[in-house]
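The values are calculated or read from the model by the stated rules, or taken from the named source; none is laboratory data. Here the structure is a predicted model, which means the values were calculated and not measured. Here the Cβ is made from the backbone with ideal geometry for all residues, glycine too, and neighbour counts use every protein chain on show. What goes into the accessible areas is simple: the full protein's heavy atoms, side chains included, and nothing from ligands, DNA or RNA. Shrake-Rupley method; radii C 1.70, N 1.55, O 1.52, S 1.80 Å.
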Amino acid sequence: MRPIQSLRQHLNGLDGKDYGAYQSLTGAYSYPTFELLIDQIPKDPYAPPHTGVYRVRVEWDQARFPGEMIASGIRAIAFRDYLTRRIHANCLEYSKRRGTGNSGIIAIAEPGQEILERTSVVFDAQYIEARMFLGLPASGRRIRADTAAKMIFEELPQVVNASLFADALDLETISRYLQTAEDAQFLRDRLPDLELAAFVADGAILPRISGVDRRPLDNENVVPFRSPESLEVSIKLPNAGTITGLGIPRGVTVLVGGGYHGKSTLLQALEQGVYNHIAGDGREFCVSLPETVKVRAYSGRNVVNTDISPFIRNIPQHQDTVAFSTPNASGSTSQAAFMSEAIEAGAKVLLMDEDTCATNFLIRDRRMQQLVKKEHEPITAFVDKVRQLYDEHGISTVLVLGGAGDYLEVADHIIQMIEFTPHDVTEIARQVVQENPSGRTHEGEERFELPKQRHPYWDGLDTRNEHGHRRVYAPNPHELIYGRMRVDLNDVEQLLESAQTKAIGLAIEYARKYMDGKTTLREVLDNVMSDLHEHGLDLLDPKFTGDLAAFRDLEFAAILNRMRDFRADQARV
Ligand code: ADP
Ligand code: MG
């Protein structure tokens, strides 16, 4: 550990030199209130942020936070997440482009609306460690020592001192933040006992600013959520006291309503309810079971030996649907594959929105049954499967529908959205069904056979690109660059942050040791998740870059399943 003065002298000597000379600054330095570990400095001012590794360490004894802030796993995660946000906000005060490329940038991995375990701030017994990025400044490729000095000796300490010390922060706000996470977790943990798939609190603000901005919509027209009385549930939370809201029961639930009445917005709250939201999000107390998966169609995707036979059989030219592969799935086969894969990975609740479903996967009405005989239709419509999935396997479905009325007779509960407020129309729908029989013939089999498990192989999952360089990164949440592969994840809607996508990419690389062609995918998932549980996300990144966030095994499986060089065999019986 060198004193910070030595860094200052050294830096002065670098002025005007080639950018590469910055690398001589790597090392550990002690500031009056913290330590700075410069592990890695990029060779180039244009290098992406994650190629520089700057770790700031503050001793707990100096930071002086009350012990209760890390008194449980969920509190520690929420506290780490909170500190990341403080640093992020404080960096914005100083960070600006000052020279070539990323010159002048002071940053930390940007968090979204969810409280997640993140490697941007980590704790050990002695330290709080924040992993930041500094874009050391240059004109062209020439070092600007004066600006660098300002960043390193003035701005960085100001950010750190304003973010990582109890004296500088509002402990009340932090406490509420941790309590919110604790309450949300408690609420989610209660769902199984209450036989609920999800819960949406009264007063919640569900709509978002836009499709690309997930902060809450904030204008005078926003309608706060209000549960219909018949489905109202009240729950006592450890911190917030008793709250009421809509309990969506397990089973088959259909959300109906006219266009633009808020159906998709409610469904999205259920999709994202697998995560805890930050205080102020509007959906703090909207939770779903952790095994909830949004399923949709996405034509063109890759499918690897997936058993789609529960939904599709006897396709022309005799392609096998028990081990179905294609580089270019149709709408209905992509949806069948998504559903089989989700079930294989452990989904307990399936969410679907008519907007993003293949019609022929969902329904086959009476007239179509008469015109196109069953022997000429490989697809068994989901309307004939949805009950079996729940009755035989306990897998619930929540389906948004505006047009497909045949589902009214297979649903346990029917909720109508009217001007953004839900109404329980189950009884009315029963009458409608009685008075207007669909006249359909049931086409499902006797039983729903669960899709067969697959055994993954590691060998297609090379992280080296065409130049032989190891490459795993996520330019955005819905795109993973993994070796030579560019994986399109636009249909994996519950992936919310690039930090999750990158973490899964690294976890797939890590998990290759379990992919021996004999271990089932489900077992591979269990092994990876239990390793991560034991060692934390740092297991995936020995460089401590700080841009990883927690993810579910369900998204891990979803990404693996979309990789074009992924190989898996099926256990044949
Ligand atoms: P649907 O799926 O029924 O067609 P959406 O959920 O897409 O409707 O909602 C339509 C529009 O209304 C969206 O722009 C959405 O942001 C907005 N919206 C949804 N819920 C509310 C609400 N509670 N208050 C105000 N606007 C809302
Ligand atoms: Mg919609």
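Between Asp412 and Asp124, what is 0.36 nm times their sequence separation minus the Cα-Cα distance? Round to one decimal in nm. Please report the intermediate quantities before stating the final value.
Working: separation 288, 0.36 × 288 = 103.68 nm, distance 4.87 nm.
Gain on stretching Asp412 to Asp124: 98.8 nm.
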> Near the amide H of Val252, under 5 Å away, which other amide H atoms are found, from residues 5 or more places off or on another chain, if H is placed in the peptide plane?
Replying inline: Thr397, Asp412, His413
> What residues have an amide H closer than 5 Å to that of Ile418, excluding those fewer than 5 places away on the same chain, when H is modeled at 1.01 Å from N in the peptide plane?
Replying inline: His423
> Where the accessible area of the stretch 1-73 is counted over protein heavy atoms with a 1.4 Å probe, how much of it, in %, is carbon and sulfur?
Replying inline: 50 percent
>> What distance in nm separates the two pseudo spin-label positions at Ala76 and Arg366, each 7 Å out from Cα along the beta-carbon direction?
In response: 6.2 nm
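Kindly identify the stretch 324-365 as rounded, prolate or oblate by the Cα gyration tensor criterion: order the square roots of the eigenvalues as a ≥ b ≥ c, call it rounded if a/c is under 1.5, otherwise compare a/b with b/c, prolate if a/b is larger, else oblate.
On the way: a/c = 2.06, a/b = 1.09, b/c = 1.89.
Oblate shape, in that a/c is at least 1.5 and b/c is the bigger or equal ratio.
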> Can you pull the accessible area of Asp44 for me, 1.4 Å probe, Å² to the nearest 10?
Replying inline: 60 Å²
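Taking a ≥ b ≥ c as the square roots of the Cα gyration tensor eigenvalues, with a/c under 1.5 meaning rounded and otherwise prolate when a/b beats b/c, else oblate, which class fits the stretch 454-570? Walk me through the intermediate numbers first.
Details: a/c = 1.28, a/b = 1.11, b/c = 1.15.
Taking the square roots of the gyration eigenvalues as a ≥ b ≥ c, the stretch 454-570 is rounded.
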> For the stretch 507-565, with the dipole built from +1 on Lys and Arg beta-carbon atoms and -1 on Asp and Glu ones, taken about the Cα centre, which of Leu532, Pro542, Ala511 lies farthest toward the positive end?
Replying inline: Ala511
>> Just to be sure I understand the model, the point goes 7 Å from the Cα along the line to the Cβ. What's the resulting Glu93 to Arg447 distance in nm?
In response: 6.5 nm
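In debye to the nearest 20, how big a dipole does the stretch 373-444 give about its Cα centre with +1 on each Lys and Arg Cβ and -1 on each Asp and Glu Cβ? Let's see the in-between values first.
On the way: 6 positive and 13 negative charges, 35 e Å.
My answer is approximately 160 debye.
About the Cα centre of the stretch 387-515, how large is the charge dipole given +1 on each Lys and Arg Cβ and -1 on each Asp and Glu Cβ? Please answer in debye to the nearest 20.
Numbers: 14 positive and 22 negative charges, 223 e Å.
Dipole about the Cα centre, nearest 20: 1080 debye.
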>> Please report the accessible area of Trp60 (heavy atoms, 1.4 Å probe, ligands and nucleic acids excluded) in Å², nearest 10.
In response: 40 Å²
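Given a 1.4 angstrom probe, I'd like the percentage of the accessible area of the stretch 454-570 that is carbon and sulfur, rounded to a whole number.
On the way: 2160 of 4720 Å².
About 46 percent, which is the carbon plus sulfur part of the accessible surface.
Restricting to the chain, compute how many DSSP beta bridges are antiparallel as a %, nearest 5.
Numbers: 62 of 80 bridges.
Counting DSSP beta bridges with both partners in the chain, the antiparallel share is about 80 percent.
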> Of Val322, Ser332, Ile363, which is farthest on the positive side of the dipole of the stretch 292-435, counting Cα position, with +1 on Lys and Arg Cβ, -1 on Asp and Glu Cβ, and the Cα centre as origin?
Replying inline: Val322
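In Å², what does the accessible area per residue of the chain work out to with a 1.4 Å probe?
Values: 24420 Å² over 573 residues.
I get 43 Å² per residue for the chain.
Any idea what the dipole of the chain comes to, in debye rounded to 20, about its Cα centre with Lys/Arg Cβ at +1 and Asp/Glu Cβ at -1?
Working: 64 positive and 81 negative charges, 395 e Å.
In total the dipole reaches around 1900 debye.
Sort the stretch 415-491 into rounded, prolate or oblate with this rule: let a ≥ b ≥ c be the square roots of the eigenvalues of the Cα gyration tensor; rounded if a/c is under 1.5, and if a/c is not under 1.5, prolate when a/b is larger than b/c, oblate otherwise.
On the way: a/c = 5.12, a/b = 2.11, b/c = 2.43.
Verdict is oblate for the stretch 415-491.
Are there any helices in the chain, counted as whole DSSP H runs, that stretch 27 Å or more along their axis by Cα and score at least 0.5 on average by Kyte-Doolittle, and if so which?
Numbers: long enough: 73-94 (33 Å, -0.16); 171-190 (28 Å, -0.78).
The answer is none, since no helix passes both cut-offs.
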>> Cβ neighbours within 10 Å, averaged per peptide: list 327-340, 165-178 in order, most packed at the top.
In response: 327-340, 165-178
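Calculated FRET efficiency, Lys150 and Thr26, Cβ-Cβ r, R0 22 Å, to nearest 0.05?
Working: r = 20 Å, r/R0 = 0.91.
Efficiency for this residue pair is about 0.65.
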> Once Lys and Arg get +1 and Asp and Glu get -1 on their Cβ, which of Asn12, Ala125, Pro48 lies farthest toward the positive end of the dipole of the stretch 2-169?
Replying inline: Asn12
> If one computes the Cα centroid of the stretch 454-520 and of the stretch 266-327, what distance in Å separates the two points?
Replying inline: 18 Å
>> Sorting check: for 4-10, 504-510, 355-361, which peptide has the highest mean count of neighbouring beta carbons within 10 Å, and how do the rest follow?
In response: 504-510, 355-361, 4-10
> How much accessible surface area, in Å² rounded to 10, belongs to the heavy atoms of Arg226 with a 1.4 Å probe?
Replying inline: 120 Å²
>> Leaving ligands and nucleic acids out of the surface, order Thr421, Thr26, Thr463 by accessible area at 1.4 Å, largest first.
In response: Thr26, Thr421, Thr463
> Largest first, what is the accessible-area ranking of Met515, Met529 with a 1.4 Å probe?
Replying inline: Met529, Met515
>> Once you compute Rg and the Kirkwood Rh from C-alpha atoms, what is the Rg to Rh ratio for the chain?
In response: 1.01
> Asp193 to Tyr510: extension gain in nm, 0.36 nm per residue of separation minus the Cα-Cα distance?
Replying inline: 110.6 nm
> Given the stretch 292-435, what percent of its DSSP beta bridges are antiparallel, to the nearest 5?
Replying inline: 45 percent
>> What does the net charge come to around Glu445 if you take all other residues with beta carbon closer than 10 Å to its beta carbon, with K and R at +1 and D and E at -1?
In response: -1
> Taking 0.36 nm per residue of separation and subtracting the Cα-Cα distance, what length does fully extending Arg313 through Asn476 add?
Replying inline: 55.1 nm
